[in-house]
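The values are calculated or read from the model by the stated rules, or taken from the named source; none is laboratory data. Just so you know, these numbers come straight off a predicted model, no measurement behind them. Note: ideal-geometry Cβ built from the backbone for every residue, glycine included; neighbour counts use all protein chains shown. Ligands, DNA and RNA are stripped out before the accessible areas are found, and what is left, the full protein with its side chains, is counted by its heavy atoms. Shrake-Rupley method; radii C 1.70, N 1.55, O 1.52, S 1.80 Å.
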Amino acid sequence: MSLSPAHWTPLLTTRALGRAVSHYEHTLTSTNAILKDMAKQGAPHGSLCLCECQTAGRGRMDRSWSSPKGQGVWLSVLLRPALKPEEAPLVTFCAALAMAKAVRETAGLQAGIKWPNDLVLQGRKVCGILLEMGFDAQGLFIVCGTGLNVRRDAYPPELAERAVSLEECGCIPDRGAVIAAYLQALEEAVSAVEQQGFAGIAAAYRAECVTLRSQVQVIGAETFTGTAEDIDEGGALLVRTEAGELRRVLAGDVSVRGVMGYV
Ligand code: BTN
């Protein structure tokens, strides 16, 4: 089914998210890159950019993101939230929660959240989120990019151990329905964070976070292992090292892997 807005905007119940849509049937470099440019030209809060295929999809930590034609939901949303710049990274947790809800509602699959914002099924990554921030005449803006693997029956060897699609997990949902459900849930989560900070989504996030209570390897300027004990009010992961020290891990700085595998 096409991603044409005519197909899915009748499902939208949001106030602002997805009310201005740039939809590209063809190939784009990156929805994040395009939307960032649109933001600098004054695009409004809630603007959405989506496409069928990206040639330069961007991932976290300067990685690329494989985005083949028609096989996923590759989109970015522009947010101009009532948040201080230091609170902006909390949106990453909102996006993970929102996409987990959308996948549950439209595909009937319960994806877990691997801290901070990967969605996982069957121990592999089904969705990644990339936040990019900037400032313009209107103040802080956030481009929240989301890549959800929907249709794909095989991955190249370098991705096969870590990536999975909804199709491989037994369900191919209507992508328009996923988008509408995601935007609704994202709007609600961002509003909760605007009002209460991380506390506004903490219970829901902790309930879906599969990293908590697991053994993790933290890979950053320094690499160490420990047990992920909790998430604090700023969204940082609290990891108890084998020496008994509690270390506060910030999302932007590190990769976190399971000791026994990706999750
Ligand atoms: C990650 O590394 O986990 C983040 C991946 C984010 C990919 C999405 S696809 C749509 C949007 N445009 C991009 O260039 N990247 C994000």
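Over what distance in Å are the Cα centres of segment 170-238 and segment 30-83 separated? The distance from the Cα centre of segment 170-238 to that of segment 30-83 comes to 20 Å. Given their separation in residues at 0.36 nm each and the Cα-Cα distance between them, S64 and D232 gain 57.5 nm when the chain is fully extended.
Taken over the C-alpha atoms, the chain has Rg and Dmax values of 17.5, 57 angstrom. Peptides 98-106, 55-63 ordered by packing proxy, namely the average of other Cβ atoms within 10 Å per residue, highest first: 98-106, 55-63. Extension gain for the segment E245 to T13, taken as residue separation times 0.36 nm less the Cα-Cα distance, is 78.9 nm to one decimal.
Rounded to the nearest 10 degrees, what's the angle between the helix 31-40 long axis and the longest principal axis of the chain, both from Cα atoms, 0 to 90? The angle comes out at about 70 degrees. Note on segment 134-263: Cα-only Rg and Dmax are 17.7, 49 Å. A helix-only calculation puts the chain at -7500 deg cm²/dmol for mean residue ellipticity at 222 nm, using -39500 (n - 2.57) for each DSSP H run of at least four residues, averaged over all residues. Computed from the Cβ-Cβ distance with R0 of 30 Å, the FRET efficiency linking A221 to R151 stands at 0.20. Each 5 Å bin from zero up to the one holding the largest Cα-Cα distance in segment 197-263 carries the following percent of pairs: 4, 18, 29, 27, 15, 6, 1.
Remark: spin-label model distance D136-R162 equals 3.2 nm, labels positioned 7 Å along the Cα→Cβ axis. With a cut-off of 11 Å between beta carbons, the residues surrounding L50 carry a summed charge of -1, where Lys and Arg count +1 and Asp and Glu -1. Checking the a/c ratio against 1.5 first, then a/b against b/c, what shape does the Cα gyration tensor give for segment 75-151? Prolate.
The C-alpha atoms of segment 1-133 occupy a region whose extents along the principal axes are 41, 39, 32 Å, arranged from largest to smallest.
For segment 159-185, backbone nitrogen atoms closer than 15 Å to the point 7 Å from S2 Cα along Cα-to-C-beta are found at 175-176. Largest GNM mean-square fluctuation across Q138, Q122, Q217, computed for the chain with C-alpha springs under 10 Å, falls on Q138. State the percentage of accessible surface on segment 5-208 attributable to carbon and sulfur atoms; use a 1.4 Å probe and exclude ligands, DNA and RNA. Here it works out to 51 percent.
Highest GNM mean-square fluctuation among V126, V218, V73, for the chain modelled with Cα contacts below 10 Å: V218. Shown for the chain: lysine pairs separated by 8 or more places, or found on different chains, whose C-alpha atoms are under 20 Å apart, numbering 6.
Over the chain, accessible surface divided per residue gives 43 Å², non-protein components excluded, 1.4 Å probe.
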